[in-house]
1. At least 2 residues that are crowded, with 24+ Cβ neighbours inside 10 Å, of a type outside the set (Asp, Glu) and under 16 Å from the mean Cα position of the chain (by Cα) in each: list the helices (runs of 4 or more DSSP H) lying fully within region 203-295 that qualify.
2. Among the listed residues 95, 146, which satisfies the condition of being without any contact (Cβ under 8 Å) to a residue 60 or more places away in the chain, of a type outside the set (D, E, K, R) and open to solvent by 30 Å² or more (accessible area, probe 1.4 Å)?
3. For region 156-189, how many residues are closer than 24 Å to residue 144 by Cα and aliphatic (A, V, I, L, M)?
4. Being in a loop (DSSP other than H, G, I, E, B), over 25 Å from residue 295 (Cα atoms) and β-branched (Val, Ile, Thr): is that true of residue 36 here?
5. Can you run down the residue pairs with Cβ atoms below 6 Å, 6 or more apart or on separate chains, where the first is in region 159-183 and part of a strand (DSSP E or B) and the partner is open to solvent by 40 Å² or more (accessible area, probe 1.4 Å)?
6. Any residue in region 259-282 that is within 15 Å of ligand 1 (Cβ to nearest atom), modelled with pLDDT of 95 or more and more than 20 Å from residue 52 (Cβ to Cβ)?
Amino acid sequence: MTLVPTFATPPGFLGLPLRTEAPGIAIAGIPLDLGTTNRAGAREGPAAIRRASRMLVDGAHPTTKVDPTTLPLADIGDFSLALGDLARSLELVEQQAAGFAHLVALGGEHGITLPLLRALAKRVGAPLGLVHFDAHLDTWPESFGQRFSHGQPFFHALEEGLVEPKRMIQIGIRSPTDPAVMDWTRDRGVTVISAIEAHEAGPAAVAARIAEVVGQGPAYLSFDVDALDPAFAPGTGTPEVGGLATWQVQAMLRRLPGLDFRGMDVVEVCPAHDVAEITALAAATVAWEYLCRPA
Ligand code: MN
Ligand code: MN
């Protein structure tokens, strides 16, 4: 146990020193927000999540007893991006992600998930199972004429065969949407659980459904922080009321030890709209829950 107080923790995620290579799991910031459709500012997310993660360094996970600082884990800093160029930035994300066996990405906007899934599906050599927490479907074919904004990552992931639709589940969905987009998503075979359904069923039932849908085989976790209610995550670009509580997400994630996750991201933290680091701490905690899941 370290003698350094939490407030003096070095600036890497969980106080990890910044390195260029990762022995096992790489933590990477991806400070992109060019594809946001409402409030911008998720480019500041990685730094805020790292800063908030210092609350998580003074012990092991209370339930799984995993101390993430004992894992083969490195913070490799932030990915390089092309300033002002969304398409080129997405290419750069894919290229850089290809160099890591297991990536935990700190966003940044949700558009980064498409190149992350492209890199991972190529590495795994098969379509992935997907656990997607979000207020939004993110399967719109376009948003305001833009085909690669943060509203499209899973449209393309499904179209490109990166994700197996019958092994994909979305939890927390509740935004206004085009009914045709919802129909398209469900017709593909994707399981959609609205926020109200999740509230009424409870975390244990939702976790059981996630495990059933994703089943065996390589899987990915994509966590849009706006899946949480604005009371628990005000610092985000497209907030929607009626969302999940942070404890509900923890209660779900702790019930998924059997899934074969090969990577994850937590996205859409927008610190300029945050209050008292609530959102950044929630995002850091979701990544920490992922890292601390039992083997
Ligand atoms: Mn999203
Ligand atoms: Mn969203």
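1. Result: 246-253, 278-291.
2. Exactly one residue qualifies, and that residue is 95.
3. 6
4. yes
5. If the second residue must be open to solvent by 40 Å² or more (accessible area, probe 1.4 Å), the pairs left are 163/127; 164/127; 165/188.
6. no
The values are calculated or read from the model by the stated rules, or taken from the named source; none is laboratory data. What you see is a predicted model, and the numbers here were worked out from it, not measured in a lab. Quick reminder, even Gly has a Cβ in these numbers, built from the backbone with ideal geometry, and neighbours come from all protein chains shown. To get the accessible areas, we keep the full protein, side chains included, count just its heavy atoms, and leave off ligands, DNA and RNA. Shrake-Rupley method; radii C 1.70, N 1.55, O 1.52, S 1.80 Å.
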